[in-house]
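Note sheet for the following structure.
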Amino acid sequence: MTPQISLLLSAVFLVFLAHTAISPIIAPLSREVGLAEWQIGVTISASASMVVLTSQFWGRRSQSWGRKPVLTAAFAVATSTMAVFALLAYLGMAGVVTGWVLFLLFVVLRGFGFGTALAAVPPTAQAYIADVTSDAATRIKGMAGVGAVQGVAMIGGAVVGGVLAAFGLLIPLIVTPFLLAAGLYVVRFRLRAEPATTLIKRPATIRPHDRRVLPFLITGFGMFTALGFVQIITGFIVQDRLNLDGEMTGLVTGGTLLAMGIGMSFSQSVIVPRSGWSPPTLLRVGTPVALVGFLLLIPDIGLVPILLAVLFTGLGLGTAVPGFTAGPSLLVRREEQGSLAGLIGATNGLTFVIAPTSSTALYSVWPPLPIVTGATLMAAVVVLAWVHPRFKQFTPIMESTLPAGSDWSPAASLDQPVRPGSTTSPGSAPAKSVIEKSANC
């Protein structure tokens, strides 16, 4: 792994550490400031909406503007937004700002503002990884690396947020802007900007219905929607099943998310790199394991089953998600990678537009209902991963994108400029016929 990729992954880690550090206190915080469950669900859905609306924009801009400018802008917006959000939470707990004004400001800051900034990070990182890898195994490992640091961030965020919550619900919110500021420092002063000649002025756009990627998008949508149905209500499950107060709920929820993070991190740092499995195999192995986790979470039988359930969910999704992210990237050209990364990010975000509001509403009707719904969706994903022809006949085309005898490689693209004025990578034209054949399978 090159130093620049390590820096990139550090930035991804910091933004998701900040994101997950407040997860343990969202449920008790909403109740402390007088917001209903559905209102916090709407806030999370608003954030996800911005991911859907802006992910492809950021993915393409990462290829035309450059990775560093996009990441710098994203971290600057995230840092300032969450600093103001922490102040708003304080005013809400003090009773200075209440009711619908508080709710709308939650949506604007935590929803629209932070959601737009967060949307830029994964597509930019994925487009970068796709740009500097030249074979399927390395691509899968790189995509798993992005997922692995998110898993580690989930562990760190659960620990940081849970432990700090024991000293007060506001403490994690105060720490979050400092984590984001550290990420801003990394991308602004440590990450090297790529040469302007390697940028693509007019990145290609991939549509969701493109037959090369559609089965993967459906699978990813199902997985993340299922996860969303249980992730946002985890704090409510912990508090209501174990009869805990606000601070203790934050601490125990942090431990619960820690178990999920451990599962995801282990899968993406150990199982995926060492297995050598293809993307379809990763999906076929990971999704049934995640389904077991969902089924274990349905009955109300204490803390230990909750921890086991989220551990299995983390193990399964940690194995399956690299198949979802790396698989379609092996089927498209270099100038399509940014758009594809944005499309994957938008798919992930779309799930959290639907799931938080739906799950919190269903939780109010009957607490196990959102878990049952998530388990049903995950079962459908398992079936799709095993029966769809795209997963049975998966043929990567990335090794065929270079013409015979070419010296150029994607890994060298950051140091060796392409021809001035070129908007496609060398070798992309010979690969077109292969891609068209793949798209018509």
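What shape does the stretch 115-274 have by the C-alpha gyration tensor, where a ≥ b ≥ c are the square roots of the eigenvalues, rounded means a/c under 1.5, and otherwise prolate means a/b greater than b/c and oblate the rest? It comes out prolate by the Cα gyration axes.
Electrostatic tally near F75: other residues with Cβ closer than 13 Å to its Cβ, Lys and Arg +1, Asp and Glu -1, net +4.
Near R188: Cβ cut-off under 14 Å, other residues only, Lys/Arg at +1 and Asp/Glu at -1. The net charge is +4. Between the alpha-carbon centers of the stretch 150-225 and the stretch 60-124, tell me the distance in whole angstrom. For the stretch 150-225 versus the stretch 60-124, the Cα centre distance is 13 Å. Taking the number of Cβ atoms within 10 Å of each Cβ as an exposure proxy, the fewest-first ranking of L369, L7, L377 is L7, L369, L377.
Taking the square roots of 5 times each eigenvalue of the Cα gyration tensor of the chain, largest first, gives ellipsoid semi-axes of 36, 25, 17 Å. Computed extension gain for T376 through L7, at 0.36 nm per residue and net of the alpha carbon distance, reaches 129.0 nm.
Measuring r between the beta carbons of D245 and V270 and using R0 = 45 Å, the FRET efficiency lands at 0.75. Placing pseudo-labels 7 Å out from each Cα toward the beta carbon at W386 and R190 gives an inter-label distance of 4.5 nm. Helical content of the chain, expressed as a calculated mean residue ellipticity at 222 nm, amounts to -24500 deg cm²/dmol (DSSP H runs of 4 or more residues, -39,500 (n - 2.57) each, divided by residue number, nearest 500). Going by neighbour counts of Cβ atoms within 10 Å, the residues S364, S49 line up, fewest first, as S364, S49. Amide H contacts for G66 (H built 1.01 Å from N in the peptide plane; partners 5 or more residues away or on another chain; cut-off under 5 Å): none found.
Treating r as the C-beta distance of L91 and S364 and R0 as 25 Å, the FRET efficiency rounds to 0.40.
Converting phi to 3J(HN,Hα) with the Karplus coefficients 6.51, -1.76 and 1.60 and the offset θ = phi - 60°, the stretch 267-277 yields 4, 7, 9, 10, 5, 5, x, 8, 6, x, 6 Hz in sequence order, with x at every glycine or proline.
Here the calculated FRET efficiency for L104 and F178, from their Cβ-Cβ distance with R0 = 35 Å, stands at 0.85, rounded to the nearest 0.05.
Scanning the chain for DSSP H helices at least 18 Å long along the axis (C-alpha atoms) with a Kyte-Doolittle mean no lower than -1.0 picks out 3-21, 37-64, 67-93, 114-131, 136-165, 170-185, 214-231, 246-266, 279-297, 303-329, 337-365, 369-387. The packing ranking, built from the mean of other Cβ atoms within 10 Å per residue, places the peptides 302-308, 82-88, 109-115 in the order 109-115, 82-88, 302-308, highest first. This ranking places T43, T98 by how few other beta-carbon atoms lie within 10 Å of each, fewest first, which gives T98, T43.
Each value in this text was obtained by applying a stated rule to the coordinates, not by laboratory testing. These numbers were taken from a predicted model, which means no experiment stands behind them. Methodologically, a virtual Cβ is constructed for each residue, glycine included, from the backbone with ideal geometry; neighbour enumeration extends over all protein chains shown.
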